[in-house]
Amino acid sequence: MDSPIWDTLPATERSAVDALIQRDHRIAAVAHLREALPAGSRPGLHEILAVVAERYRELGLRFERYPTPPLDPARLAEEIAALPGRTIAIEALWDGDTDGWFVELVVLTDGTPVEHRLATIRHGSDMRLFNGTVPPWPEAQEAETVGRALAERFEVPFRFADPLRAGSV
């Protein structure tokens with residue numbers, strides 16, 4: 001790996017960063033790398049993140065998150081039928097983490113607990129924003145299609161407060 005930042009680290013620190021990467025602890029690897037560098041000469045977060053991403057590739061790992069597999073409506077319907085209480089609604093909710101945006105498919109019941117996470121739909125990281133591949137957001141399209149089909153099957157409302165899709169609420 002050809003990186004002046006990486007080259008300045010002692011072998012023990014490089015091993016510690018690689019160990020974190022092997023366990024897919026991205027943020028911890030970034031923090032460890034940053035803290036291992038002298039305080040007066042620490043590069044910015046973007047430069048540190050680029051080094052960690054390159055280490056992922058050097059170690060044969062993928063830095064970007066894998067998309068979730070396509071949802072299986074029949075299997076999801078079985079999961080819904082097995083929930084305690086009566087199903088009263090299906091909802092799709094945007095959420096996010098350090099990797100980017102995703103959609104949660106949720107079932108509401110009149111039992112306890114009332115909210116049941118059914119599936120997470122992620123079709124890539126927010127790097128898609130920078131390389132111009134979104135919008136449209138394919139996770140929103142999948143949530144809309146599967147969520148509506150499940151809601152129809154269980155004869156309950158489907159809600160998706162998706163600001164990118166007029167009329168989907």
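The values are calculated or read from the model by the stated rules, or taken from the named source; none is laboratory data. Just so we're clear, the structure is a prediction, and the values are computed from it rather than from any experiment. Glycine also receives a Cβ, built like all others from the backbone with ideal geometry; neighbour counts cover every protein chain displayed. Only protein heavy atoms, including side chains, enter the accessible area calculation; ligands, DNA and RNA are left aside. Shrake-Rupley method; radii C 1.70, N 1.55, O 1.52, S 1.80 Å.
Odds and ends about this structure:
- Each label was represented as a point 7 Å from its Cα along the Cα-to-Cβ direction; for L45 and I88 these points are 4.0 nm apart.
- Label-reachable residues, the stretch 69-90, where backbone N falls under 14 Å from a point 7 Å from E152's Cα toward its Cβ: 73-74
- Here the stretch 23-169 is assigned +1 on the Cβ of each Lys and Arg and -1 on the Cβ of each Asp and Glu. Its dipole about the Cα centre then comes out at about 380 debye.
- Ranking D18, D24, D2 by solvent-accessible area of protein heavy atoms (1.4 Å probe, all protein chains present), from largest to smallest, gives D2, D24, D18.
- Computed FRET value (nearest 0.05) for Q141 with H25, which takes r as the C-beta separation and R₀ as 35 Å: 0.65
- Remark: the stretch 22-70 carries a charge dipole of roughly 100 debye about the Cα centre, counting +1 on each Lys and Arg Cβ and -1 on each Asp and Glu Cβ.
- Mean accessible surface per residue for the chain, computed with a 1.4 Å probe while every protein chain stays in place, in Å²: 57 Å²
- From phi via Karplus (6.51, -1.76, 1.60), per-residue ³J(HN,Hα) for the stretch 48-59 in Hz, x at Gly/Pro: 5, 4, 5, 5, 5, 4, 5, 5, 3, 5, 4, 8
- For the stretch 12-169, carbon and sulfur atoms together expose 56% of the accessible surface, with a 1.4 angstrom probe and every protein chain in place.
- Quarter of the Cα convex hull surface for the stretch 1-68, i.e. its orientation-mean projected area (nm²): 4.6 nm²
- Largest accessible area first, the listed residues E78, E104, E115 line up as E78, E115, E104 when surface is computed with a 1.4 Å probe on the assembled protein chains.
- For the stretch 1-155, the fraction of C-alpha pairs more than 27 angstrom apart is 44%.
- In this simple spin-label model, placing a label point 7 Å from the Cα along the Cα-to-Cβ direction at both A36 and A74 gives a separation of 4.9 nm.
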